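Accompanying notes for the structure given below.
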Amino acid sequence: MNAPDTGKLTLKDWPHSPLHRLPKAGTFIVTAGTYQKQSLFNTPLRLTRLTNLLLELVDKHGWQLHAWAVFPNHYHFVGECGDAKRLHELVRELHSRSAKDINREEASEGRKIWFSYWESQITFHRSFLARLNYVHQNAVRHRLVSRASAYTWCSAGWFERRADGAFFRTVSSFPVDRVSVPDDFEVESAP
């Protein structure tokens with residue numbers, strides 16, 4: 001028996017992409033990777049431009065950023081918004097503008113730069129603290145620096161300088177080896 005024709009499209013979830021159903025406000029950890037994990041943001045200038053664009057757009061789209069780390073082939077951030085549906089708008093603009101910039105720079109118009117992004121809502125305080133530390137320690141995890149605050153394109157140094165000392169020590173004490181975040185990106189070396 002066929003379903004009645006209501007005149008509305010009935011779309012199924014695309015089976016090869018993560019679902020982005022964000023019906024309510026909250027705090028999220030977001031990870032995005034470049035297409036085929038290519039190290040396209042492989043210079044200090046490119047990393048700085050991508051980081052600055054991220055910081056500009058989280059403000060524009062009404063997000064409060066708690067932590068971020070930007071690498072040649074991926075990024076992570078922990079952010080909070082009163083309207084979680086705005087995440088798609090933020091990521092779409094970030095990916096579109098950064099892709100156009102790098103493609104214009106390399107005379108490769110239309111080349112695919114970004115693969116996808118994954119988000120996970122953070123619902124427990126301890127999970128929030130662990131993910132903050134995960135994002136801050138990501139450059140150490142990828143063996144780019146020995147101390148997280150030494151990595152320029154990350155909030156770790158900012159957090160170390162600006163956070164209340166007790167809060168900094170609390171966040172830093174959370175182990176990150178059991179945090180489940182899509183992060184199988186090999187980063188070759190620090191630019």
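The values are calculated or read from the model by the stated rules, or taken from the named source; none is laboratory data. Not measured: the values here are computed from a predicted model. Positions of Cβ are generated from backbone atoms using ideal geometry, with glycine treated the same way; all protein chains shown enter the neighbour counts.
Residues in the range 94-115 that are surrounded by fewer than 17 Cβ atoms within 10 Å (Cβ to Cβ) and on the phi < 0 side of the Ramachandran plot: 13 in all. A count restricted to the range 97-141 and to residues that are assigned to a loop (DSSP other than H, G, I, E, B), touching a Phe, Trp or Tyr at 6+ places or on another chain (Cβ under 7 Å) and not charged (D, E, K, R) stands at 1. Every condition in (1) within 14 Å of the chain's Cα centre (by Cα); (2) among the acidic types (Asp, Glu); (3) farther than 29 Å from residue 175 by Cα holds for residue 119 except the one numbered (3).
The condition (being modelled with pLDDT under 90, at positive phi and either surrounded by fewer than 18 Cβ atoms within 10 Å (Cβ to Cβ) or among the small types (Gly, Ala, Ser) (or both)) is satisfied by just one residue among 82, 62, 7: 7.
Pairs meeting the criteria (first residue in the range 128-155 and closer than 17 Å to residue 72 by Cβ, second residue crowded, with 17+ Cβ neighbours inside 10 Å and hydroxyl-bearing (Ser, Thr, Tyr), beta carbons under 7 Å, at least 6 apart or on different chains) are 139/151; 144/151; 145/151; 153/51.
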